[in-house]
Amino acid sequence: MPSPDEVTQLLTRWSNGDRDARDKLIPLVYDELRRRAKSYMNGQPPGHTLQTTALIHEAFLKLASQPDKRWQDRTHFLAVAATAMRQILVDYARSRHCAKRGDVARAVSLDEGAVVSVERAAEFVALDDALSALAQMDLRKSRVVELRYFGGLNVEEIASVLNISAATVMRDWHMAKIWLLRELERRQSHDA
């Protein structure tokens, strides 16, 4: 496993336009991104198949195409990758949900082998909508959920990224879960 300092140095060099640093970085962070994406995918119900490899590749392409790449360190990079994965998963889920309703689906570039059930797509879209509503009220709590749920970051990593204490992360995580559960239930009863 590479040292965090080695990854940070490569991220800094890549941010400054060094493509060689990017090429050296990819194999160093790939396994970590795969582990985090797989961790998220393992939490899905049986029969749900979304190729983690496609998700990782799409996230990395999204990160590489950012014009202003300024990552502070390995943890910050992984947090940005978590956001990219969330956006990709939500775009894909929305396209599946739209297809079910007969709307025009928005194109996403996940591999054809990546499949999200229509039922799970609707749940994923509802979660993203609720998370976006939470962000309007409390951006930090929303980021805690995003980093933990989508990024697989642990409490200490989230604390580092958000520059808050681990205790605050835990409080935010607990409060956000309660708020999201209530919001999802409210939306479900409203739609019924």
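The values are calculated or read from the model by the stated rules, or taken from the named source; none is laboratory data. What you see is a predicted model, and the numbers here were worked out from it, not measured in a lab. Neighbour counts are summed over all protein chains in view; Cβ atoms, including those assigned to glycine, are modelled from backbone coordinates with ideal geometry.
Residues that are of a type in the set (S, T, Y) and within 26 Å of F77 (Cα to Cα) were ranked within the range 161-191; the one that is surrounded by the most Cβ atoms within 10 Å (Cβ to Cβ) is T168. Restricting to the range 4-37, and then to whatever is surrounded by fewer than 14 Cβ atoms within 10 Å (Cβ to Cβ) and among the basic types (K, R), can you tell me which residue is nearest to K69 (Cα to Cα)? If we take residues in the range 4-37 being surrounded by fewer than 14 Cβ atoms within 10 Å (Cβ to Cβ) and among the basic types (K, R), then R19 is nearest to K69 (Cα to Cα). Do we have V104 as of a type in the set (A, V, I, L, M, F, W, C), at pLDDT below 75 and exposed (fewer than 14 other Cβ atoms within 10 Å of the Cβ) here? So V104 passes the test.
State whether the residues of the range 151-160 include one that is part of a helix (DSSP H, G or I), exposed (fewer than 15 other Cβ atoms within 10 Å of the Cβ), modelled with pLDDT of 90 or more and not β-branched (V, I, T). Yes, some residue in the range 151-160 is part of a helix (DSSP H, G or I), exposed (fewer than 15 other Cβ atoms within 10 Å of the Cβ), modelled with pLDDT of 90 or more and not β-branched (V, I, T).
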